[in-house]
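First up is the structure itself, then whatever we jot down about it.
FYI, it's all coordinate maths here, none of it is from the lab. Keep in mind that what you see is a predicted model, and the values were worked out from it rather than measured. Every residue, glycine among them, receives a Cβ derived from its backbone with ideal geometry; neighbour counts consider all protein chains shown.
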Amino acid sequence: MGFPDRIERTVELAHPPGAVWTALTTAAGLGTWFGNEAVIDLRPGGAARMRWSHGYAVDMRVERVEEPAVFGFTWQIYGLPEDDPRRTYVEFTLEPAGAGTRLTVVETGFAQLPEDIYRKAFDGNTQGWASELAELAAYLDAA
Amino acid sequence: MPPDSQAATAPDIEAVAEQVFTALADPTRRAILAALASGGPATATDLAARLPITRQGIAKHLALLAGAGLVCPEPGERRRVRYRLQSAPMQVAQQFLAALARDWDGPLGALKDHLDRSARPPATTPPRRARGHHG
């Protein structure tokens, strides 16, 4: 079947790396072409967040900041529960190409599965709702 | 694969995803999983009452689903075995789907447009467009 772990795209942009860097790493840039609203603390370990007008929002963690060549962040895998610790890593690489920029984006980590997380998911979920419902029942009984 | 095998090695996630998709490819198994997801744990008899298939047919599919780790048998009332949906394999399959659903071409096209638009007047481009969303 081939579990896809890595996605890669390269685009040629007719703008210098500095302009591309600004679009990728500032709230004004990210909140315009990517999300509809963004905040970013541009330093390794810094938090960033994008929101879309249809209501979806995603939290990111800045990982690499090497102006104007490499910008990397991790974010949650779309569709998984919010408390799921799994994240994919996105890295933008900017290379000068004539007067413009060759931009490469690589996203990796879709196929990650640390054993302990899997086991926790397996063991935890069996309890999950059952124990929450049991707690609710106990709460209601006590009332 | 089973939750009780503590000494098991890391599961082959591709095999896990494949079992989920194989399970979902069959309409009866889809109906069983959907019934467990929406109604919670149920016995083979409960499921046979709700679905247009014999109890024997249900039992056969439940055995296959249990073998794949997608449902987990547990003791129920009156010594009947109840089956509970196991979400971990579904989340593995979701990872697979997330990779397929990831659309970088949309956002990268929007980035190109954004740079072209903002190249002349260097700052603001007020009308925000809902292009290229996450996922």
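Numbers for the structure displayed
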quantity	calculated
Shielding score for B:81-93, defined as the mean number of other chain Cβ atoms within 10 Å	4
Hull volume in cubic angstrom per residue (convex hull over the Cα atoms of region B:79-119)	73 Å³
Derived scalar couplings ³J(HN,Hα) [region A:105-111; Karplus, 6.51 cos²θ - 1.76 cosθ + 1.60; whole Hz; x for Gly, Pro]	10, 10, 10, 10, x, 5, 9
Computed E for B:R78/A:V39 - FRET, C-beta separation, R0 41 angstrom, nearest 0.05	0.15
Convex hull volume per residue for region A:1-64, taking Cα atoms only, in Å³	135 Å³
Other protein chain Cβ atoms within 10 Å, averaged over every residue that makes up B:99-105	5
Within 10 Å of each Cβ in A:78-87, the average number of Cβ atoms from other chains	3
